[in-house]
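Structure record follows, encoded as structure tokens.
The values are calculated or read from the model by the stated rules, or taken from the named source; none is laboratory data. None of these values were measured; they are calculated from a predicted model. Every residue, glycine as well, gets a Cβ built from its backbone with ideal geometry; the counts of neighbours run over all protein chains shown. When the accessible area is computed, the model is the full protein with side chains, heavy atoms only, and any ligands, DNA or RNA have been set aside. Shrake-Rupley method; radii C 1.70, N 1.55, O 1.52, S 1.80 Å.
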Amino acid sequence: MDVCLSTTAAPTYFPSHQFTTNSSDGKTQVFNLVDGGVAANNPTLIAMNLVTRAVHQDTRIVDKKEHLDHFVVLSLGTGLEEGIEWDAKKAATWGSLKWITHDGRTPLIESIMNASSDMVNIHTALMLHHVKENYLRSQEWQLKGSEAKMDLSTDENLRNLVKKGQELLDKPVRSLNLETGRPETVKNDYTNRMALTKMAERLSKEKKLRDKRSASSALSMNGHSVGINI
């Protein structure tokens with residue numbers, strides 16, 4: 001069983017940050033950082049590909065479907081704003097300025113970021129569609145107002161987002177309908193807290209099993225070594 005934990009771009013971008021380092025030879029290097037959401041696209045698939053490559057680096061033939069059965073993916077979304085839709089007929093008349101800012105919104109940026117978040121979810125769901133219990137996507141689908149602003153990283157707004165995450169635990173699990181592109185409740189009485197607990201219990205059992213196998217293997221190797229020394 002391989003475990004992947006991923007997050008998608010947060011609704012609020014943190015301010016850019018700069019720092020410098022000084023090497024032993026007296027050279028100074030400047031680093032300019034931006035929020036990972038600006039560059040990160042699909043960390044889940046990257047992680048899955050890296051694990052697959054590491055596990056099968058010496059294997060010539062790999063049953064892709066069988067290997068995917070061993071992945072357990074917990075995807076923590078960072079929230080989407082409820083009801084973001086743009087009228088295509090009106091948008092067709094916009095110039096470049098309205099695509100950048102319109103009615104207090106940023107249509108171009110919001111469209112790109114929301115589409116990116118959805119595609120991460122869709123790609124992973126399609127890869128694991130035959131083992132749905134191995135994929136859990138947990139996120140708030142109904143952010144409102146300032147909660148969804150990407151340029152509001154104030155202490156108050158960040159505390160509100162933490163509160164939203166805590167409240168999400170006791171809300172029903174929702175998954176993206178791949179046909180309609182809209183989130184749907186899986187079961188009314190099946191909450192994110194229940195789903196996370198179930199996944200944690202499953203991973204805990206797997207960890208104990210691996211530890212037991214590792215201990216048995218170590219004892220076997222030690223016994224073999226002693227036999228050789230005698």
Going by the structure shown, is Ser204 touching a strand residue (DSSP E or B) at 6+ places or on another chain (Cβ under 8 Å), more than 18 Å from Glu81 (Cβ to Cβ) and not in a loop (DSSP other than H, G, I, E, B)? no
Could we say that Val162 is more than 20 Å from Pro183 (Cβ to Cβ), modelled with pLDDT of 80 or more, outside any loop (DSSP other than H, G, I, E, B) and β-branched (Val, Ile, Thr) here? yes
Selection count where residues are small (Gly, Ala, Ser) and within 20 Å of the chain's Cα centre (by Cα), scope segment 131-171: 3
Being open to solvent by less than 50 Å² (accessible area, probe 1.4 Å) and without any contact (Cβ under 8 Å) to a residue 40 or more places away in the chain is the filter; apply it to segment 162-203 and report the residue that is farthest from Ser138 (Cα to Cα). Asn177
Could you say whether any residue in segment 134-152 is acidic (Asp, Glu), closer than 18 Å to Trp86 by Cβ and at pLDDT 75 or above? no
Output for Cβ contacts, cut-off 8 Å, separation at least six or different chains, first residue over 29 Å from Glu184 (Cβ atoms) and small (Gly, Ala, Ser) in segment 139-160, second at pLDDT below 85 and not in a helix (DSSP H, G or I), reads Ser153/Thr12; Ser153/Tyr13; Ser153/Phe14; Ser153/Pro15
Looking only at segment 106-123, and only at residues there that are assigned to a helix (DSSP H, G or I), closer than 19 Å to Leu152 by Cα and free of Cβ contacts under 8 Å to residues at least 60 places away in the same chain, the one that is nearest to the chain's Cα centre (by Cα): Asn114
